[in-house]
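**Student:** This is the structure I want to talk about, given as structure tokens.
Nothing in this text is a laboratory measurement; each read-out follows from the coordinates by a stated rule. Note that the coordinates shown come from a computational prediction; the quantities given were computed from them, not determined experimentally. Note that each Cβ is placed from the backbone with ideal geometry, even for glycine, and that neighbours are counted across all protein chains shown.
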Amino acid sequence: MKPLATLRTGAHLVAQGLITEDKLEDIEAVSRRYAIAVSPQIRRLMTPSDRTDPIAAQFIPTAAELLTSSDELEDPIADDAHSPTPGIVHRYPDRVLLKPVHVCAVYCRFCFRREMVGPGSESLDESDMDKALEYIASRPEIWEVVITGGDPLVLSPRRLRIIMQRLQDISHVGVVRFHSRIPVAKPEAVTQDLIDALRINKAVYVVLHTNHVRELSNEARLACAKFIDAGFPMLGQTVLLRGVNADAKTLEQLFRALVAMRIKPYYLHHGDLAKGTRHFRTSIAAGQQLMRNLRGTVSGLCQPTYVLDIPGGHGKVPIGPEYLQKRDDGAYRVEDYLGESHTYRDSAYDAD
């Protein structure tokens, strides 16, 4: 059989049995607006005969993406408003996003940067990369650099090595963090050359974006183990998605699997207000109830922080359920994971 290639058009999806011919016109309309890419690894994880397949739901476009609600935005978390120079987003005082590339190995149908990424979106040229790194070097308050995109690990080890060596030379940078789908979408790209390119004399973290336990194939697990065994701590970030993982059992399976792989679940993101993604979003109340359910069934190692990225670029905030309420008599009403109430009186010692 001819090896699978990345699927990039509606016709490719029809040929692979991932959409039917009658859907082609709508999917081609979607593709003119938002990029499509399904890597061979992701294709192998799909079950086309399963109409509720959680992998296909994340990567196969549907006509629902052509519908935009009035509250959806081109730039839902206002990257542009906080970009002082190409490739940099500086939203928090002590950290910046560095976006060296605007392409990915796969394109998630719910992506909050879907208007900005895709074929034809160039990586930073040498001049803009110099300006971005000079911006970081000129601001001593920047302690952490989050390398994202697009997916930064689509870059060659040679280009990644150049970026990392430049960051190595900036004394006030203490932490570098990569956000990537590559270990699940293209695990064969995690080579020793890539790992060596990321190794500098600073703390380097790798954050894996994964939303369903079925993404964690044997190949993905081996790719992650390469990072961890090489000394790179790994965290996991997940988007809460209707039709993919919006139930406690599915999230429990994912978070337990990540912890068993030595990956700490870090964030559970509430869906952003990106255009054409309403069909993926749950209510905040539903997400809070899921977090309550998880509190009683999995250990703290498996508990991510449920967060909302406030539209307009105002940052992430925890939006998990509340367990503590202050009463009129000064005591607290505390609710346990079973929903039962208890009284707690604050007896802290206040020194004069």
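**Student:** Quick one: Karplus J couplings for segment 66-82, per residue in order, coefficients 6.51, -1.76, 1.60, θ = phi - 60°, nearest Hz, x for Gly and Pro?
**Tutor:** Working through the residues one at a time gives 7, 9, 10, 8, 5, 8, 8, 10, 5, 10, x, 10, 6, 4, 4, 5, 10 Hz.
**Student:** Determine, for 169, 329, the number of other Cβ atoms within 10 Å of each Cβ, and report the residues in order from fewest to most. Walk me through the numbers before you get to the answer.
**Tutor:** Details: 169 11, 329 8.
Neighbour counts put them in this order, fewest first: 329, 169.
**Student:** Quick query: amide H of residue 177 versus all other amide H atoms, modeled in the peptide plane; which residues come in under 5 Å with a sequence gap of 5 or more or a different chain?
**Tutor:** Result for residue 177 returns 145, 146, 147, 205.
**Student:** Mind checking which helices in the chain clear 15 Å along their axis (Cα) and have mean Kyte-Doolittle hydropathy of -1.0 or more, DSSP H runs only?
**Tutor:** Helix filter hits for the chain: 126-137, 157-168, 218-229, 248-260, 284-295.
**Student:** Now for a different question. Looking at segment 270-352, which chymotrypsin sites (Phe, Trp or Tyr not before Pro) are DSSP coil and have at most 15 other C-beta atoms within 10 Å of their C-beta?
**Tutor:** Numbers: sites: 280, 306, 323, 332, 337, 344, 349; in loops: 323, 337, 349.
Hits after loop and neighbour filter: 323, 337, 349.
**Student:** On a C-alpha basis, how far is the centre of segment 237-303 from the centre of segment 98-114 in Å? Whole number, if you could?
**Tutor:** Between the Cα centres of segment 237-303 and segment 98-114 lies a distance of 20 Å.
**Student:** Using each residue's phi in segment 34-45, evaluate 6.51 cos²θ - 1.76 cosθ + 1.60 at θ = phi - 60° and report the 3J(HN,Hα) Karplus result to the nearest Hz, with x for Gly and Pro.
**Tutor:** Rounded to whole hertz, the list is 10, 5, 10, 7, 10, 6, x, 5, 5, 4, 5, 7.
**Student:** Could you give the C-alpha radius of gyration of segment 103-262 expressed as a fraction of 2.2 N^0.38 Å, taking N as the number of residues it contains? Don't skip to the answer; put the middle values down first.
**Tutor:** Numbers: Rg = 16.3 Å, N = 160, 2.2 N^0.38 = 15.1 Å.
For segment 103-262, the normalised Cα radius of gyration comes out at 1.07.
**Student:** On to the next question. Evaluate the charge dipole of the chain about its Cα centre and quote only its size in Debye, nearest 20, assuming +1 on the Cβ of each Lys and Arg and -1 on the Cβ of each Asp and Glu. Intermediate values should be presented prior to the final figure.
**Tutor:** Working: 43 positive and 45 negative charges, 201 e Å.
Rounded to the nearest 20 debye, it is 960 debye.
**Student:** List the trypsin sites (Lys or Arg not before Pro) in segment 288-352 that DSSP assigns to loop (not H, G, I, E or B) and whose Cβ has at most 14 other Cβ atoms within 10 Å. Which are they? Mind dumping the intermediate values first?
**Tutor:** On the way: sites: 292, 295, 316, 326, 327, 333, 345; in loops: 327, 345.
Filter output for segment 288-352: 327, 345.
**Student:** Okay, next question. Starting at the first residue of segment 324-330, write each ³J(HN,Hα) from the Karplus equation 6.51 cos²θ - 1.76 cosθ + 1.60 with θ = phi - 60°, in whole Hz, x for Gly and Pro.
**Tutor:** Once rounded to whole Hz, the list reads 10, 9, 7, 8, 4, 7, x.
**Student:** Moving on. Using DSSP to call loops (not H, G, I, E or B), can you name the trypsin sites (Lys or Arg not before Pro) in segment 1-83 whose Cβ has at most 15 other Cβ atoms within 10 angstrom? Numbers along the way, then the final one.
**Tutor:** Values: sites: 8, 23, 32, 33, 43, 44, 51; in loops: 8, 51.
Filter output for segment 1-83: 51.
**Student:** I've got another one for you. Taking the Cβ of each residue in 19, 200 as the centre, tally the other Cβ atoms inside 10 Å and list the residues starting with the fewest. Spell out each step's value before the answer.
**Tutor:** Working: 19 21, 200 17.
By the 10 Å Cβ count, ascending: 200, 19.
**Student:** Further question on the same structure: Starting from the amide H of residue 306, placed 1.01 Å from N in the peptide plane, find each other amide H under 5 Å away whose residue is 5 or more places distant or on another chain.
**Tutor:** So residue 306 has HN proximity to 268, 319, 320.
**Student:** Separate question: Hey, which lysines would be in cross-link range of residue 186, C-alpha to C-alpha under 29 Å, not counting anything within fewer than 8 residues on its own chain?
**Tutor:** Residue 186 reaches 2, 23, 99, 202, 226, 249, 264, 275, 316.
**Student:** Relative to the Cα centre, what is the charge dipole magnitude of segment 10-66, using +1 at the beta carbon of each Lys and Arg, -1 at the beta carbon of each Asp and Glu, and rounding to the nearest 20 debye? Walk me through the numbers on the way to the answer.
**Tutor:** Details: 6 positive and 8 negative charges, 51 e Å.
The calculated dipole for segment 10-66 is roughly 240 debye.
**Student:** Divide by every residue of the chain the summed helix terms, -39500 (n - 2.57) for each DSSP H run of at least 4, and state the resulting mean residue ellipticity at 222 nm, rounded to the nearest 500 deg cm²/dmol.
**Tutor:** On the way: 11 runs with 100 residues, N = 352.
Theoretical 222 nm ellipticity from helices: -8000 deg cm²/dmol.
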